[in-house]
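Asks: Okay, handing you the structure first.
The values are calculated or read from the model by the stated rules, or taken from the named source; none is laboratory data. If you're wondering where the values come from, they're calculated on a predicted model, not measured in any experiment. Heads up, the Cβs are rebuilt from the backbone with ideal geometry, glycines too, and the neighbour counts pull from every protein chain shown. Ligands, DNA and RNA are excluded from the accessible area calculation, which covers all protein heavy atoms including side chains. Shrake-Rupley method; radii C 1.70, N 1.55, O 1.52, S 1.80 Å.
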Amino acid sequence: MTLTELPIQYVDFAVYQQQWLQGEELTAQVNYWKQQLNNLSVLELPTDNPRKPIQTFRSATESVLISKEILDSLKDLSRKQSVTLFMSALAAFKILLHRYTSEDDIAIGSPIANRNWKEVEPLIGFFVNTLVLRTDVSGNPSFLELLQRVKEVAAGAFKHQDLPFAKLVEEVKPERSLSHNPLFGIMFQVQNEAYQLQNSLNPELEIPGLSLEQMWSDSGSTKFDMTWHLVERNEGLLTVVEYSTDLFNRDTIARMLGHFQVLLKGIIDNPNQRLSELEILTEIERQQLLIDWNKTYTEYPLQQGIHQLFEKQVEKTPDNIAVEFKSEKLTYQELNNKANQIAHYLRNQGVKPDMLVGICVERNPLMLIGLLGILKAGGAYVPIDAKLPSNRIGFMLGDSQVSILITQEKILSKLPNHSAETICLDSEWEKISKSSINNLPSQTIADNLAYVIYTSGSTGNPKGTLLTHRGLTNYITWATEAYNVAQGNGSPVQSSISFDATITSIFTPLIVGKTVTLVPEEQEIEALNSLLNTKSNSDSDFSLVKLTPAHLKVLSKLNNNNGVETLYITSPEYVASTKNRTRAFIIGGEALLENHLEFWRDNYPNTRLINEYGPTETVVGCCIYDASKKSVTTNSVPIGSAIANVEVYVLDKYLQPVPIGIPGELYVGGAGVARGYLNKPELTAEKFIPNPFSSSPSTLYKTGDKVRYLTSGNLEYLGRLDNQVKIRGFR
Ligand code: AMP
Ligand code: MG
């Protein structure tokens with residue numbers, strides 16, 4: 001059949017093509033595309049809103065005019081490289097997509113005019129076909145290398161442009177879903193002068209006496225996640241992005257347009273730059289992400305250890321209760337005296353700065369006496385929970401090579417073989433108490449070790465993390481202020497001493513004259529629950545309670561038990577009272593979800609709900625978010641922003657900062673960063689890297705956590721980049 005025999009004037013490309021493309025030619029084209037698109041999955045851009053199961057196709061547009069200088073330079077570069085403007089612009093766009101998604105397999109759709117035959121020329125019709133242009137951008141090539149890859153792919157695609165897209169989908173059989181266009185979600189197109197002439201779209205069309213302007217007509221509807229139309233004009237390169245409003249907010253697209261421009265400038269400046277080297281952020285964004293959002297400097301007494309801050313407090317409030325356990329109470333003076341006695345004793349045994357001292361005691365006042373004693377002596381404590389399996393205790397004792405282990409008589413028999421000298425705080429107390437009760441001159445400086453905590457990582461093997469006094473003092477000073485610990489009555493300790501989260505409740509009360517209430521180990525969460533409730537009858541309540549989301553869930557169940565345990569705290573009197581309450585729940589250790597919080601928001605309106613994020617490697621918490629009031633639409637509660645003297649960076653695999661909204665890995669710098677892992681130089685070098693953004697030498701900890709910045713400057717936690725799992729806050 002010839003074209004003129006076709007019965008209609010308006011010809012649908014697919015219909016026409018089906019009649020033309022048959023036999024061998026059809027097979028050849030099908031085979032090409034099958035091979036080319038083998039195993040292709042749709043590229044997922046990070047979106048502002050979760051993808052709906054069914055697309056609504058609603059869209060909007062955002063545009064920018066890229067300067068004539070850039071357009072001319074890009075055309076110049078294209079000529080020199082024997083490629084079209086389309087190919088250069090597409091290569092740049094693919095770099096942008098790669099930097100946004102961290103994917104190496106980048107496929108987009110592109111419309112092609114498809115008027116390959118003379119016969120078609122006189123016809124009015126919809127001859128546009130869609131080509132899928134897939135490029136492997138792996139290996140961090142230079143722009144020019146990538147451009148050659150794009151050129152090859154485009155050449156191959158143009159040669160096989162006749163297979164209608166619908167037929168191609170039928171043949172390639174990609175996984176279909178109602179929420180995605182098949183094979184690609186992003187369209188990219190460059191309209192040059194020739195294209196416009198052909199389509200009577202020339203924006204520079206001049207009619208005497210009339211001033212004409214081409215307007216972009218926004219159909220309000222799109223099948224794609226986004227479509228980029230680049231239009232070559234006299235005054236520059238008009239770039240219009242039509243995007244799905246289901247998925248994206250306007251400002252995200254505006255930022256993306258900004259990144260495209262920065263990228264083009266970088267390419268023109270030096271097309272030999274590698275993908276990793278090309279800048280995408282504007283000056284303003286760099287300033288905001290790297291500097292403004294990291295302005296956390298706060299003047300703290302970082303030269304003093306926690307034990308010194310405690311001693312100062314003892315002078316101010318010697319008779320306040322420092323620690324409470326069942327019916328036992330110790331005043332600040334009593335606790336200090338006992339801690340000094342063990343500290344003198346330890347110094348006599350040779351304890352000095354950076355020396356590790358194990359502590360394996362039950363949760364009772366000896367724990368605080370021991371911890372403070374070790375710090376006062378100048379040593380670093382290695383907390384070992386007596387309830388841990390004996391092979392784990394054995395591993396920690398062996399790996400840390402502690403020469404002294406502070407413990408209790410009854411624990412001795414449970415300890416596996418070890419070479420440490422043990423000091424029993426109970427049975428040997430008479431001997432210890434012969435030492436002086438006076439404060440010791442402190443021998444530690446900020447860089448000395450304060451404690452070593454063992455964590456498992458994705459590797460499963462526990463490793464000792466070396467934390468300094470600077471980090472501990474910084475966190476405790478900050479937390480005491482931020483959580484208003486001086487306002488309440490201290491905090492209960494119900495979690496394991498081996499878990500760094502416990503540090504918050506152990507030390508914050510002790511530098512402001514408040515009480516550490518030790519929850520008996522046997523009961524933990526139930527005991528905590530009843531403590532919370534009896535406390536609410538007294539004059540003042542806990543300043544803070546430190547929990548994991550898992551604990552919070554159990555607590556809300558206990559408190560929500562059909563009235564059986566309906567408690568004073570949920571009664572109207574309680575709600576009305578601002579005096580009797582737990583002032584803050586500090587929740588950390590795992591991702592916090594909105595629905596963890598509903599019960600508490602409803603029933604504890606006077607209790608602050610704080611999401612605290614932090615790896616052991618940066619001292620307990622390095623980011624916080626106040627979630628007392630519902631403020632986000634997603635189910636995940638943000639982890640917020642950096643605490644005092646801490647800096648956070650969201651970086652891609654090239655250590656380049658990623659824009660707002662784009663997922664990257666969280667790196668943490670500042671006062672809290674650990675010295676590294678004990679006896680693991682290689683792992684230390686891998687996880688603690690030189691800070692590329694700092695003029696003075698400092699390190700960043702590579703957390704392995706996937707996060708992104710929200711426009712508010714808060715971080716959103718998106719999960720792990722490795723397969724590390726947590727159970728009730730334990731790695
Ligand atoms: P750990 O060293 O035991 O404190 O574990 C640190 C890890 O726990 C982090 O790297 C996160 O993966 C996770 N994590 C801690 N706190 C939070 C939080 N508030 N939200 C989400 N994940 C958290
Ligand atoms: Mg933590």
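Asks: Quick check for you: with a 1.4 Å probe and neighbouring chains kept, what is the accessible area per residue of the chain, in Å²?
Replies: Result: 42 Å² of accessible area for each residue.
Asks: Hand me the GluC sites (Glu not before Pro) from segment 246-305 located in a DSSP loop with no more than 10 other Cβ atoms within 10 Å, in residue order please.
Replies: Passing both the DSSP loop test and the Cβ count: 299.
Asks: Calculate, in nm to one decimal, what residue 161 and residue 299 gain on full extension: separation in residues at 0.36 nm each, minus their alpha carbon distance.
Replies: 43.1 nm
Asks: Round to a whole number: what % of the accessible area of the chain belongs to carbon and sulfur, probe 1.4 Å?
Replies: 50
Asks: Determine the sum of side-chain charges near residue 343: Lys and Arg each +1, Asp and Glu each -1, restricted to other residues whose C-beta is under 14 angstrom from that of residue 343.
Replies: Its environment carries a net charge of +4.
Asks: Dividing the Cα radius of gyration by the Kirkwood radius, what Rg/Rh value follows for segment 407-531?
Replies: Using Cα coordinates only, the ratio equals 0.99.
Asks: As a test question: what accessible area, to the nearest 10 Å², does residue 52 have when a 1.4 Å probe is rolled over all protein chains in place?
Replies: The accessible area of residue 52 comes to roughly 90 Å².
Asks: While we're on this one: Could you grab the relative contact order for the chain? Cα pairs under 8 Å, six or more apart, rounded to a whole percent.
Replies: 11
Asks: Add +1 for every Lys or Arg and -1 for every Asp or Glu among the other residues with Cβ under 12 Å from the Cβ of residue 169, and state the total.
Replies: +1
Asks: Still on this structure: Taking 25 °C and 0.890 mPa s as the conditions, I'd like the Stokes-Einstein D for segment 624-731 in µm²/s, using the Kirkwood hydrodynamic radius from alpha carbon pairs.
Replies: Here the translational diffusion coefficient equals 163 µm²/s.
Asks: Right, here's the next one. What FRET efficiency comes out for the pair residue 102/residue 522, r = Cβ-Cβ distance, R0 = 51 Å, nearest 0.05?
Replies: My answer for the efficiency is 0.60.
Asks: Leaving out same-chain residues fewer than 8 places away, which lysines sit with a Cα under 20 Å from that of residue 34?
Replies: Qualifying lysines at Cα under 20 Å: 151, 159, 167, 173.
Asks: If Lys and Arg each add +1 and Asp and Glu each add -1, what is the summed charge of the other residues whose beta carbon sits under 14 Å from the beta carbon of residue 160?
Replies: So the environment of residue 160 carries a net charge of -1.
Asks: How far is helix 365-377 tilted, in degrees, relative to the longest principal axis of the Cα atoms in the chain, given as a value from 0 to 90 rounded to the nearest 10?
Replies: It is inclined by approximately 80 degrees.
Asks: Next question. Given 25 °C and 0.890 mPa s, compute D for segment 264-335 with the Stokes-Einstein relation, Rh being the Kirkwood radius over Cα pairs; round to the nearest whole µm²/s.
Replies: 139
Asks: Another question, then. Of the listed pairs 94/702; 295/316; 52/223; 414/514; 338/410; 338/387, which have alpha-carbon separations greater than 23 Å here?
Replies: Check vs 23 Å cut-off fails for 94/702; 295/316; 414/514; 338/387.
Asks: Still on this structure, I have one more. Would you kindly state how much longer the chain becomes between residue 683 and residue 633 on full extension, computed as 0.36 nm times their sequence separation minus their alpha carbon distance, in nm to one decimal?
Replies: Between residue 683 and residue 633, full extension yields 14.2 nm more.
Asks: What is the distance, in nm, between label points placed 7 Å from the Cα along the Cα-to-Cβ direction at residue 333 and at residue 284?
Replies: 6.2
Asks: Then there is this: Using a 1.4 angstrom probe on the protein heavy atoms only, could you order 470, 99, 274 from most to least accessible area?
Replies: So, going from the largest accessible area down, we get 274, 470, 99.
Asks: Could you give the alpha-carbon Rg of segment 338-482 over 2.2 N^0.38 Å, rounded to two decimals?
Replies: Scaled against compact globular proteins, the figure is 1.03.
Asks: So what is the 222 nm mean residue ellipticity for the chain from helices alone, if each DSSP H run of at least 4 adds -39500 (n - 2.57) and you divide by all residues, rounding to the nearest 500 deg cm²/dmol?
Replies: After summing the helix terms and dividing by the residues of the chain, the value is -9500 deg cm²/dmol.
Asks: Accessible surface of residue 51 in the full protein assembly, 1.4 angstrom probe, to the nearest 10 Å²?
Replies: 60
Asks: Using a 1.4 Å probe and counting only protein heavy atoms, arrange 437, 66, 268 so the residue with the most accessible area comes first.
Replies: I get 437, 268, 66, largest accessible area first.
Asks: Heavy-atom accessible area of residue 293 with all protein chains present, probe 1.4 Å, nearest 10 Å²?
Replies: Near enough 50 Å² of accessible area.
Asks: Quick one: angle between helix 85-101 and the longest Cα principal axis of the chain, in degrees between 0 and 90, rounded to 10, please.
Replies: Around 20 degrees separate the two axes.
Asks: Let me ask something else. Which entries in the list 312/434; 352/680; 680/726 go over 31 Å, if you measure between the two C-alpha atoms of each?
Replies: none
Asks: To continue, here is another question. Could you work out the percent of alpha carbon pairs in segment 269-426 separated by over 19 Å, rounded to a whole number?
Replies: More than 19 Å apart: 65 percent of the Cα pairs in segment 269-426.
Asks: Same structure, new question: Which number do you get for Rg(Cα) / (2.2 N^0.38 Å) in segment 638-698?
Replies: Here the Cα radius of gyration is 1.20 times the empirical estimate.
Asks: Considering only protein heavy atoms, with the full assembly of protein chains and a 1.4 angstrom probe, order 25, 315 by accessible area, largest first.
Replies: Heavy-atom accessible area, descending, gives 315, 25.
Asks: Work out how far the C-alpha atoms of the chain reach from end to end along every principal axis, then list the three figures in whole Å, largest first.
Replies: 110, 55, 54
Asks: Here's another thing I want to ask about it. Quick check: the angle from helix 525-535's long axis to the longest principal axis of the chain, C-alpha only, nearest 10 degrees?
Replies: 70
Asks: Now a separate question. Could you give each residue of segment 674-689 its phi-based ³J(HN,Hα) in whole Hz, using Karplus coefficients 6.51, -1.76, 1.60 with θ = phi - 60°, and x for Gly or Pro?
Replies: Result, rounded to whole Hz: 5, 6, x, 9, 5, 6, 9, x, 5, 5, 4, 5, 6, 9, 10, 10.
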